[in-house]
Each structure stands twice: as C-alpha cells, then as structure tokens.
Amino acid sequence: MYRAAFGLLLAASVLIAQAYKPEAVARANLGVSLSRQSKYREAIQAYQQAIAIDPTLPGLYLNLGLAWFKLGHFREAIAAFDKENAQAPGDRVTTLLAMSYFGFHQYREAAELLKPLVAAQPDNAELSYLLAKCYLWSGQNSEAMDLFKSLLARDPNSAAVHMLLGEALDASYRTAEAAQEFEAAAKMAPAQPEVHFGLGYLYWKQKRYGDAEREFREELKSNPGNAQADAYLGDTLMKTGRNAAALELLKTAVQLRPGLHVAHEDLGILYADDRKDSQAVGEFRQAIRTDPENFDSHYRLARLYRQMGRAAEADAEFAAVKKLHRKKDEDPLTKISGPQ
C-alpha cells in the first residue's frame, strides 16, 4: 500500500551532464532508461558503473536506491539513500529512507524519520497513515492511537484506519473498544480483506464464540484462502465441541500456512484425545517450532510424554514450562495482525 501511495517519489530521474564526466552521465542515464523498463538489476549495474567513474554525480545514489527499493532489497536501498542524503539532503530522500526502513521492518527508525515530515505537512494523510502504522508496529500504541484518531477526524469513513485503530486498542488491552472499531469497519466495507477475521479474532479473545464463528465464516466466504480464519474457526469449533469439523479446518490451515501455531497446537490436542500419540507429538513439536516460547505447547507435550512413559523427555519439557512461566509477564502481547 505505501509504495503505491508514494508513487510519485519512485520515478527515476534523468541526470544532467553539465560539468560531469560524460561516461558517468551516459551510464547513469542508461540506468534510468533500464529502470523505466523495470529492468532494475541491469539498472543497478549501470548505476554502479557510473559511481565507479564519478560518485559525485547528483542524484546517482537516489536512483540507485530507487532501483534497490523496487526490487525489495531495503538494506541496500537504505545504504544508497543514506549516501544521497549526505550529498543532497531533502524531504524526498528522507521519505524514501523512511519507506525503506518500513520495508525492512525497522518501524521505530522509520517513525523517527517521518515525524518531522508529518509535522511539516499536517495535511498529508498518506505520510500520517504511514507514521501511524510505524508507531503501531513498533509498540508505540498511544502515539498510534492519537494519529489514527486524527486521521478519522479527517475521514471518518476510512475502514482501513478503523481497523488499524482497533489493532492499537487491542495491543493496549482495550479489546472491547477494538471490537467496536472493527465493527465500524465491517459496516463501512464488508468486503474489506481481513475485516471479518479481525473482528472474529476480537470476539474470540472475549470468548464470544458464536459471534467469532459467524465472522470467521464471513471472512472465508470472500477469502477462502485465509489460513488464519480456517485456524481460528477450527479452534472455535473445537472449543464448542465440534471436533470432527474442527479437525478438517485445522488440517486445511496448516496446508495453507504451515507456520500457524494455534492450528498445530489444536491438532495436537485433537490427536492426543484420540490416542494418536505419535501424530500428537509431531503437532506439538511443530507448534513449539513455530512459537518456542509458548509454554502451553511445552506443557501439553510434557504431559503426553509422561503418559507415553518417556520420562526424560517429559522432564525436559516441564523444565521448559517453568522457565517460560517466569518470563510470562515480560511480553504478553497478542495482536490481530501486523507487518508481513
């Protein structure tokens, strides 16, 4: 989303030949031509050749950074934009640096760069939106909520902002208020991807399983490949005694997305209940691989090992449970989504 929002920033610029080595200018402008054809790897080679000839050519590192950015190589983009910023600082390169840090999942660093830009451009909703997401995903929930509320004051019908404000509220343990924001988003944009899953998740957290089931099923109507909706619907059905239906949904979820902890743990529970011990062990181990600090998976595996007479392995898992319980209050946050 943020790349599309800042499309005007992402166009390579032709470099001017005045007072610079002609060969460097020629290689740089070849890079621009290649970039405009979306041949970014070839463009990078041309820019690097130009740098080797004359690294002082204006805009050279900016265009190099843009090519790296377009390829999704954000570390390299940051390095190039840093050099451009040292030569010719300005709002454009600062914004591109912030977007690169965002793409690199370094949200706190991105926020620090965006704050003065947003202060200088208070009517730029795109910048404010990006900063608010950086606040949210770097754990600065109060700042995120303030900015999302400001955005909603400008555009109260933005389903996306309602959803993100809901995430910020949920991360601050205000789950009921978070659900209200998702309810508003679902009314405004019932076909919005993830809106019904997010609302269902918040109902699920409140143990409102009937409401959660309805929302997960709504999400799957429009987005049948949503593995999280399959997993949490499966969990909801399991919690309400419909194990056979739950099992099929959970299997589908792990096929679509093998790293879903909740699905593997629930499969382990269902297999253990059916005395399919080896399959249960495999699922609990997979659950632990996806979330090594989830003490519930360790505890369930420990109990299963003990029932199977595997005492040493049970003791090791119980020891892990004790260690994780001591850390339980350090980072108890669960979130609806988050950066991908």
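The values are calculated or read from the model by the stated rules, or taken from the named source; none is laboratory data. All values derive from a computational prediction rather than experimental measurement. Positions of Cβ are generated from backbone atoms using ideal geometry, with glycine treated the same way; all protein chains shown enter the neighbour counts.
The table below lists the values:
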| item | result |
| --- | --- |
| Subset of region 83-107 that is in contact (Cβ under 8 Å) with a residue 12 or more places away in the chain and over 25 Å from residue 132 (Cβ atoms) - its residue that is surrounded by the most Cβ atoms within 10 Å (Cβ to Cβ) | 84 |
| Residues satisfying the stated conditions in region 235-294, i.e. more than 24 Å from residue 212 (Cα to Cα) and aliphatic (A, V, I, L, M) | 272, 280, 281, 288 |
| Residues of region 212-247 satisfying the condition of being free of Cβ contacts under 8 Å to residues at least 12 places away in the same chain and among the charged types (D, E, K, R) | 221, 242 |
| Residue identified as of a type in the set (Gly, Ala, Ser) and closer than 26 Å to residue 187 by Cα among 128, 100 | 128 |
| Unique residue being surrounded by fewer than 17 Cβ atoms within 10 Å (Cβ to Cβ), of a type in the set (A, V, I, L, M) and over 25 Å from residue 291 (Cα atoms) when the list is 189, 179, 184 | 189 |
| Selection count where residues are at pLDDT 60 or above, surrounded by 15 or more Cβ atoms within 10 Å (Cβ to Cβ) and part of a helix (DSSP H, G or I), scope region 1-25 | 2 |
| All helices (runs of 4 or more DSSP H) inside region 208-257 with 2 or more residues being charged (D, E, K, R), modelled with pLDDT of 95 or more and under 17 Å from residue 271 (Cα atoms) | 227-239, 243-256 |
| Selection within region 135-164 - of a type in the set (A, V, I, L, M) and either part of a loop (DSSP other than H, G, I, E, B) or under 15 Å from the mean Cα position of the chain (by Cα) (or both) | 136, 160, 163, 164 |
| Some residue of region 275-297 being modelled with pLDDT of 95 or more, surrounded by fewer than 20 Cβ atoms within 10 Å (Cβ to Cβ), under 16 Å from residue 238 (Cα atoms) and out of contact with any Phe, Trp or Tyr (no Cβ under 6 Å at 6 or more places or on another chain) | no |
| First in region 54-76 and over 19 Å from residue 22 (Cα atoms) and among the acidic types (Asp, Glu), second anywhere and buried (at least 16 other Cβ atoms within 10 Å of the Cβ) and at pLDDT 95 or above, Cβ under 6 Å, 6 or more apart | 76/68 |
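Conditions (1) crowded, with 23+ Cβ neighbours inside 10 Å; (2) out of contact with any Cys (no Cβ under 6 Å at 6 or more places or on another chain); (3) closer than 22 Å to residue 171 by Cβ; (4) modelled with pLDDT of 95 or more, marked per residue:
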position	(1), (2), (3), (4)
36	no, yes, no, no
41	no, yes, no, yes
48	no, yes, no, yes
56	no, yes, no, no
60	yes, yes, no, no
109	no, yes, yes, yes
116	no, yes, no, yes
